[in-house]
Amino acid sequence: MRKITLALLFLSCMSFVLALIAQPQLVTSQLVGSGSQFNRVVQDVQKTDSSGATPDEMRGLVTQLNTVMQLQNELDSLPPQNTDRRAQVLEQINRTLTSIDGEAIRIAANASERTSLDHLVAYSSGLAAAVLGTIVYYYGMLLWRKYRIKRIMGMRITLPER
Amino acid sequence: MKPRLKAVRQLLPVFLALLLLFEIGAFATTITPPSEKYLQLYVLGFGGAANNYYPNGSSSFRVGESISWHLGVVNDMGLVQLVAVRVKLGNQSIETPNDTLATPSPAPLITEFKSFVQDNETWDIPFEWQVTNYTTQSGGQIGTLTLMIDNMTYSIQNPPSCLTSSCSFRLIFELWTWNVELSDFQIGWWNGGQQRIAWLQLWFNLAPSGRK
């Protein structure tokens, strides 16, 4: 029985390691060549979405991004001579983009961890179910054998009358 | 053979079979099956129905008559998208966007609407518009066409040639998306190495006794 336990333990460890290796990596922000801050933020938000962020988490980011679009429209509609207001709006855009980027990276990290944990739970559950199934099979077989033996021992031999 | 070793030999295949079965189940629950990624663009008429696009049921209307439509974009791309709907003014002969080559229409751009749209969500754009004025050149060609869209006035100098006596214009709506690799808008979107586009057009005629 000790060898069975050892074998099961070894296989459990192997499955656990495989499950860990299969996990996605944490999403990190990366600068895209000479791309603008806006483009980088869009990329980061899309990465956040693909890392498994919930719709509610994404809604907050999307709302802020649409605020940036409104500010951009305002900036486009301002006359060039209105330099003060233009500078204000531009600064607000940059500030909001920086804030969105930071939040996107934070949400992505959380979402990645959550996804990894979900995967780990799923694969571990598979492993646990396999162990449980094997134990059930083992004791089931024992019971079945006992039942067969009991049945055989309780048999009556009747000889046909001549 | 020792009884314990025999038990291991009996149980190992069972355990491995069960492990394989359950891990396949776990894998199936954790992966997202590949599905077609697409965007939808639609226009609805007055009251949000796919009819009643024009006042009095006729695409021929007068200057100053207000028309109420609803544009909609549905995002099924699996990711948040920055979407733009470009509104262009076409006449009878101008080229429409090319579905095969994925090229936009050369018609003049009137305006565009931009928004980020979450996955599995719909972006609804109220589109109130009217022709507020037009001028005619010698020979009956329309020289300047003034449109009001959502309380913004757009004046189109030398619109696609159209005679006031038999003038059929069309509003062309094109769907554009932000491409992070290009760091710019592109017409349509990419799916499975193929560029897809979505566009719509709605015709209108200026009634000959056009001006109020």
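The values are calculated or read from the model by the stated rules, or taken from the named source; none is laboratory data. Keep in mind it's a predicted model, so treat the numbers as computed, not measured. We place every Cβ from the backbone using ideal geometry, glycine too, and count neighbours over all the protein chains shown.
Looking at B:V131, B:V83 in this structure, which one is part of a strand (DSSP E or B), surrounded by 15 or more Cβ atoms within 10 Å (Cβ to Cβ), modelled with pLDDT of 95 or more and at negative phi? After applying the criteria, what remains is B:V83.
The set of residues in the stretch A:58-78 that are of a type in the set (D, E, K, R) and at pLDDT below 95 comprises A:E74, A:D76. Each residue in the stretch B:91-121 was checked for being farther than 19 Å from B:L71 by Cα and either polar (S, T, N, Q) or not assigned by TED's automatic domain parsing to the domain that holds B:L171 (or both), and 6 pass.
Looking at A:S34, A:S12 in this structure, which one is at pLDDT below 90, out of contact with any Pro (no Cβ under 8 Å at 6 or more places or on another chain), buried (at least 16 other Cβ atoms within 10 Å of the Cβ) and more than 8 Å from every other protein chain (Cβ to nearest Cβ)? Working first, answer last.
Numbers: A:S34 fails: buried (at least 16 other Cβ atoms within 10 Å of the Cβ).
Just one listed residue meets the conditions, A:S12.
Within the stretch B:1-50, being modelled with pLDDT of 90 or more, within 13 Å of another protein chain (Cβ to nearest Cβ) and assigned to a loop (DSSP other than H, G, I, E, B) holds for one residue alone: B:K37.
Restricting to the stretch A:54-103, what's the tally of residues that are of a type in the set (K, R) and within 14 Å of chain B (Cβ to nearest Cβ)?
1
Please state which one of A:Y123, A:Y139 is among the aromatic types (F, W, Y) and loosely packed, with under 12 Cβ neighbours inside 10 Å. Break it down stepwise before answering.
Numbers: A:Y123 fails: loosely packed, with under 12 Cβ neighbours inside 10 Å.
None of the others qualify; the one that does is A:Y139.
For the stretch B:106-121, a tally of residues being more than 13 Å from chain A (Cβ to nearest Cβ) and surrounded by fewer than 21 Cβ atoms within 10 Å (Cβ to Cβ) returns 4.
Against the list (1) under 28 Å from B:F185 (Cα atoms); (2) of a type outside the set (D, E, K, R); (3) touching a helix residue (DSSP H, G or I) at 6+ places or on another chain (Cβ under 6 Å); (4) within 14 Å of chain A (Cβ to nearest Cβ), the condition B:A84 fails is (3).
Only one of the listed residues (B:D184, B:D150, B:D99) is out of contact with any His (no Cβ under 8 Å at 6 or more places or on another chain), within 14 Å of another protein chain (Cβ to nearest Cβ) and within 30 Å of B:T32 (Cβ to Cβ). That residue is B:D184.
Tell me yes or no: at least one residue of the stretch B:51-65 is within 22 Å of B:I172 (Cβ to Cβ), within 14 Å of another protein chain (Cβ to nearest Cβ) and out of contact with any Cys (no Cβ under 6 Å at 6 or more places or on another chain). For the stretch B:51-65, residues within 22 Å of B:I172 (Cβ to Cβ), within 14 Å of another protein chain (Cβ to nearest Cβ) and out of contact with any Cys (no Cβ under 6 Å at 6 or more places or on another chain): absent. Please work out which residue is modelled with the highest pLDDT, limiting yourself to the stretch B:201-212 and to residues that are aliphatic (A, V, I, L, M) and in a strand (DSSP E or B). By that ranking, first place goes to B:L202.
Looking at the stretch A:79-93, is at least one residue in a helix (DSSP H, G or I), among the polar types (S, T, N, Q), modelled with pLDDT of 60 or more and surrounded by 14 or more Cβ atoms within 10 Å (Cβ to Cβ)?
Here is the first cut: in the stretch A:79-93, the ones in a helix (DSSP H, G or I) are A:83-93.
Then drop every residue that is not among the polar types (S, T, N, Q), which leaves A:83, A:88, A:92.
From what's left, modelled with pLDDT of 60 or more: A:83, A:88, A:92.
Add one more test, that the residue is surrounded by 14 or more Cβ atoms within 10 Å (Cβ to Cβ), and what stays is A:88, A:92.
Looking through the stretch A:79-93, at least one residue is in a helix (DSSP H, G or I), among the polar types (S, T, N, Q), modelled with pLDDT of 60 or more and surrounded by 14 or more Cβ atoms within 10 Å (Cβ to Cβ).
If you take the residues of the stretch B:137-157 that are loosely packed, with under 15 Cβ neighbours inside 10 Å and of a type in the set (V, I, T), which of them is modelled with the lowest pLDDT? Looking at residues that are loosely packed, with under 15 Cβ neighbours inside 10 Å and of a type in the set (V, I, T), I get B:T144. Of all residues in the stretch B:149-200, those satisfying the criterion of being touching a residue at least 40 places away in the same chain (Cβ under 8 Å), within 16 Å of B:E112 (Cβ to Cβ) and not in a strand (DSSP E or B) are B:G188, B:I197, B:A198.
Just so you know, in the stretch B:51-72 the residues that are in contact (Cβ under 8 Å) with a residue 12 or more places away in the chain and in a loop (DSSP other than H, G, I, E, B) include one that is nearest to the chain's Cα centre (by Cα), and it is B:Y53.
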